[in-house]
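Student: I am attaching a structure below and will ask some questions about it afterwards.
The values are calculated or read from the model by the stated rules, or taken from the named source; none is laboratory data. Predicted model, so just to flag it, every value in this text is computed and none were measured. Positions of Cβ are generated from backbone atoms using ideal geometry, with glycine treated the same way; all protein chains shown enter the neighbour counts. Heavy atoms of the whole protein, side chains included, go into the accessibility calculation; ligands, DNA and RNA do not. Shrake-Rupley method; radii C 1.70, N 1.55, O 1.52, S 1.80 Å.
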Amino acid sequence: MINESKDDSLVQFLIDQAKAKDIVLDQEKAKAVNSEINQVVNESKKFTDWHKKSSTQAELKIRLRSVLDRHDLQIVNAVYDEVLKRAGSSATPKSYWFVGASYDGNDDQTDRFLSEGQWQNGYKDRYLDVVRSMQPGDKIAIKSSYTRKKDLPFDSKGQAVSVMGIKAIGVVTKNHGDGQHVDVDWEPRLDPVREWYFFTNRSTVWRVLPGEWKTDSLIDFTFKASIQDIDRFRNAPYWKERYGDSAKPDDKRFLWSRFYAAVADGLIAHKADHSKLITFVTQLADRFDLSYIKDKHLDDIDPFTVMGLFNRGITDDNRKSIAKELADFLGVDESVPSSFEGIPILNNQKSWFFGFEEKRDPDDIASLWGFFEKALQFSDSDGSNARTDFSADYDKVAGQYGVGWNLTMALYWIRPWNFLTLDGQSQLYITKKLGIDIGKNGPKGRCNALDYLKVLDELELRFQEEAYPVHSFPELSLAAWLYKDGETFAHPNATDPDLPGEIAEDEGESEVTAAPIEPYLVDDIIAEGAFLDREMLTDILERLRTKKNLILQGPPGTGKTWLAKRLAFALMGQKNDSKLRAVQFHPNLTYEDFVRGWRPSGDGKLTLVDGPFLEMINDAKKDATTKYVVVIEEINRGNPAQIFGEMLTLLEADKRTPNEALELSYRRSDSERVFVPDNLYVIGTMNIADRSLALVDLALRRRFAYIDLRPTFGEPWRNWVHTKAGVDMDILKQIEQRLLHLNSEIENDKNLGAQFRVGHSYVTPAFSNKITDAIKWYKSVVATEIGPLLDEYWFDDLDRAQKARNALIEDM
């Protein structure tokens, strides 16, 4: 409840809220308003549980509005929330809603909604269940979504930026239950509209829940008039490739995307009249001897086939030359790309998106142009109507002759940051590496619009996860190009024929493009958050190179798994997930799971199946120029001698030769012999504090080099957590001192020892999460992670465990 001791803080609260609304409120007037608010609150306090019952809360809000309106202060929702908060209740809504006010081409309905005190879902067949879930007390905002390249409060690097304009905010007071109408207590319309960037949503109705930094920031911006931390969003994983900070602009990848988007923008101008475009393409075919065009009578052309002119299996020099001439014809100012890494290309044998007259319907090309326009509108608009139009046209053209999977490739060309390519290599990467299913409910076993958008939406959400392997569609396409076999032709056989045997003759020109390498060295391990010095990391890497097999052992929380994978990349000299295989040992794992064993097949019989270790052996044998690494997590949790079998002998560095090959327990033929190639390395991790694990077999121990990882605090750790998570240095020093004292006590305990110390990972926030309340975060870590660990350590002396807990947080 509000009391005298809190009057001054409420006065300041009123001043701050008024300032956020650009309203001048001096100290004396704020005190007068505060006095009237206290009178209203005191009247409400006559009722039992006044601050918890909806009826008295509603009356309170009406009376607060009356007070604030008399003083021209349009801050009733903020004051109402603060009053309930200070009264020991909570006005925190269960959901926050961001809704549109235009639909089916109707004019903006915002003013009508505000004057009528309602919001209406204008669709009779969409969002009904979602609208029914809106509850009284939920906060709601009217938004409009669009994209913009210019007049932004930051450098957009020439890229379009998603913008969400907040027009009005309010509180839901009643849901009519029809899926269309809710009553809303609106605040006056925001003028000018407050613009929010990057983290937007295409849907007409968007439910936002607190708990993540992005959603918390949006909620505070919208309903508390906070300022958006634009730099944090620019440099978040999903956006940093386009908008983030970079020492050198030329170091950025995917600069080609601007050129591709500009070419698409230039092509749309020819939608109504194709004649000049046809003439240009015909002349271009003569100059570059494009036999697939010049030997045909070209009576019409679509935009995707035009984009395909420089996205085929031809030399890079010819691709650049053709792209340059097309750019000049269209008036494109963007520079022609210097390289084409990761861009999917058409098969030379089938580079058309339509059939000739005898194989196409009269409106096929017009439909392609219509879809091209709808795709651009969809990419540049967050409106749900654009999505509906895109879906309808996608399904219309997907079944046309000559389109196939190339349709998704073409979408990627015209807007690389907005659309996903589903060429063969990308499908492999998405399904095998990312584990996302691709629906194929469209014509001829391909995607329909619903299938395509489902995958696209899923990936856009995943891209925002810092730990996700890729964070954008261009990065995904590049990763797919690198995936499995980095030396193969970029997206081979991307074109799938409509009918068997219809592939045309190849014009003969092609070029195999080697996949680019993403270098990874010891310095990259340090940059990503290793608290070990460079010399130690170099020594560890050298032991791995010479011994071939390495185990990282240490107390819990010392970053063993984290470091193991990065050592693998540093050993390879590049980040290449296709050369790394991670497995985890456990008590139920067997030789048959890890090396080779019998498995049931579809016909009810048993078949021999290679396990992950033998698969990596075979992959490494095929590619002697590249290092392959198997990472085994918690290697001592299983029975390593039983799981490895005869492979235990073959692991030795001096036995990695065909001369030392051995028979497997399960052979495919009597003559089959297997050896571990010299370019296959094994890194294991071992938690030596787990009492449930047996000692490692001596035969296994002899074949591995062992590296002890210790809790690593000190300046590198403090600087990292301060920079990435925003925790104050003084607090970090307190945390460090307390954990060092705890570890000293653990180390000196004769029943425990150094291997039971608490590692730095416990107090290193994951994925650069910003910590807004460092003390609260630290105490939570102690209560839920370190404390239970101490209870396990001192299970026979819980008083000692509790004292150790208390010492970690005392006086903080």
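Student: Order these peptides, 707-713, 420-426, by their mean beta-carbon neighbour count within 10 angstrom, highest first. Mind showing how you got there, number by number?
Tutor: On the way: 707-713: 19.1, 420-426: 24.6.
Going by the mean number of other Cβ atoms within 10 Å, highest first, we get 420-426, 707-713.
Student: Given a 1.4 Å probe, how much area per residue of segment 210-342 is accessible, in Å²? List each step's numbers first, then the result.
Tutor: On the way: 5910 Å² over 133 residues.
Spelled out: the 1.4 Å probe surface of segment 210-342, per residue, equals 44 Å².
Student: Taking the Cα centre of the chain as the origin, how large is its charge dipole in debye, to the nearest 20, when only Lys and Arg (+1) and Asp and Glu (-1) carry charge on their Cβ atoms?
Tutor: Numbers: 106 positive and 130 negative charges, 358 e Å.
Here the chain has a charge dipole of around 1720 debye.
Student: Here is a further query. Just to be sure I understand the model, the point goes 7 Å from the Cα along the line to the Cβ. What's the resulting residue 534 to residue 360 distance in nm?
Tutor: 5.9
Student: Sticking with this one: Give the share of C-alpha pairs in each 20 angstrom bin for the chain, from 0 to the last occupied bin, in whole percents, shortest bins first.
Tutor: Pair shares across the bins are 13, 35, 36, 15, 1.
Student: Sort 338-351, 640-653 by packing, meaning the average of other beta carbons within 10 Å per residue, with the highest value first.
Tutor: Values: 338-351: 20.4, 640-653: 17.9.
Descending mean neighbour count gives 338-351, 640-653.
Student: While we're on this one: Can you give the accessible area per residue of segment 131-205, in Å², using a 1.4 Å probe?
Tutor: Values: 2970 Å² over 75 residues.
Dividing the accessible area of segment 131-205 by its residue count gives 40 Å².
Student: Oh, and also: Hey, any idea what % of the chain's accessible area is carbon plus sulfur with a 1.4 Å probe? Write out the running numbers ahead of the final one.
Tutor: Working: 17430 of 37010 Å².
With neighbouring chains kept in place, the figure for the chain is 47 percent.
Student: I've got another one for you. Starting at 0 and stepping by 5 Å, how many percent of the alpha carbon pairs of segment 703-796 end up in each bin?
Tutor: 2, 12, 22, 24, 17, 12, 7, 3, 1, 0
Student: With every protein chain left in place, what is the accessible area per residue of segment 551-593 in square angstrom, probe 1.4 Å? Provide the component values of the computation, followed by the final result.
Tutor: Numbers: 1460 Å² over 43 residues.
Counting only protein heavy atoms, the per-residue value for segment 551-593 is 34 Å².
Student: Related question: When only C-alpha pairs under 8 Å and at least 6 residues apart count, what is the relative contact order of segment 641-693, in percent?
Tutor: Working: 39 pairs, mean separation 15.7, N = 53.
This gives 30 percent for segment 641-693.
Student: In the chain, which whole DSSP H runs stretch at least 27 Å along their own axis (Cα) and average 1.0 or higher on the Kyte-Doolittle scale? If you can, show how the numbers build up before the last one.
Tutor: On the way: long enough: 729-748 (28 Å, -0.49).
Once both thresholds are applied, nothing remains.
Student: Report the relative contact order of segment 358-425, percent, no decimals, based on alpha-carbon pairs under 8 angstrom and at least 6 residues apart. Mind dumping the intermediate values first?
Tutor: Numbers: 52 pairs, mean separation 19.6, N = 68.
So the answer I get is 29 percent.
Student: Each label point is 7 Å from the Cα along the Cα-to-Cβ direction; what then is the distance between the points at residue 467 and residue 227, in nm?
Tutor: For residue 467 paired with residue 227, the spin-label model returns 3.4 nm.
Student: While we're here: Considering only protein heavy atoms, what is the solvent-accessible area of residue 164 at a probe of 1.4 Å, reported in Å² to the nearest 10?
Tutor: Result for residue 164: roughly 0 Å² accessible.
Student: Expressed as a rounded percentage, what relative contact order does the chain have, with Cα pairs under 8 Å and six or more residues apart? Mind dumping the intermediate values first?
Tutor: Values: 1244 pairs, mean separation 62.0, N = 812.
Dividing the mean separation by the residue count of the chain yields 8 percent.
Student: For segment 679-812, compute the number of Lys pairs whose alpha carbons are separated by less than 21 Å, excluding pairs fewer than 8 positions apart on the same chain.
Tutor: Lysine pair count for segment 679-812: 12.
Student: Identify the chymotrypsin sites (Phe, Trp or Tyr not before Pro) of segment 410-450 meeting these criteria: DSSP loop state and at most 14 other C-beta atoms within 10 Å of the C-beta. It would help to have the intermediate numbers written out before the result.
Tutor: Details: sites: 412, 413, 417, 419, 429; in loops: 417, 419.
Listed in order of number, the matching sites amount to none.
Student: Distance between Cα centroids, segment 423-470 to segment 398-415: provide it in whole Å.
Tutor: That distance is 15 Å.
Student: Okay, moving on. Take the Cβ-Cβ distance between residue 733 and residue 214 as r, set R0 to 35 Å, and report the resulting FRET efficiency rounded to the nearest 0.05.
Tutor: Between residue 733 and residue 214 the formula returns 0.70.
Student: Can you give the accessible area of residue 295, probe radius 1.4 Å, in Å² rounded to 10?
Tutor: Answer for residue 295: close to 110 Å² accessible.
Student: Per DSSP helix of 4 or more residues, -39500 (n - 2.57); summed, then divided by the residues of the chain. What does that give at 222 nm, rounded to the nearest 500?
Tutor: Working: 33 runs with 334 residues, N = 812.
Rounded to the nearest 500, the figure is -12000 deg cm²/dmol.
Student: Continuing with this model, one more query. What ranking do 601-612, 626-637 get when scored by the average of other Cβ atoms within 10 Å per residue, highest first? List each step's numbers first, then the result.
Tutor: On the way: 601-612: 11.4, 626-637: 21.8.
For the peptides 601-612, 626-637, the packing ranking is 626-637, 601-612.
Student: Can I ask one more? Count the lysine pairs in segment 288-427 whose Cα atoms lie under 22 Å apart, taking only pairs 8 or more positions apart in sequence or on different chains.
Tutor: Going through segment 288-427 pair by pair, I get 11.
Student: What is the distance, in nm, between label points placed 7 Å from the Cα along the Cα-to-Cβ direction at residue 660 and at residue 108?
Tutor: Simple spin-label model gives 7.5 nm for this pair.
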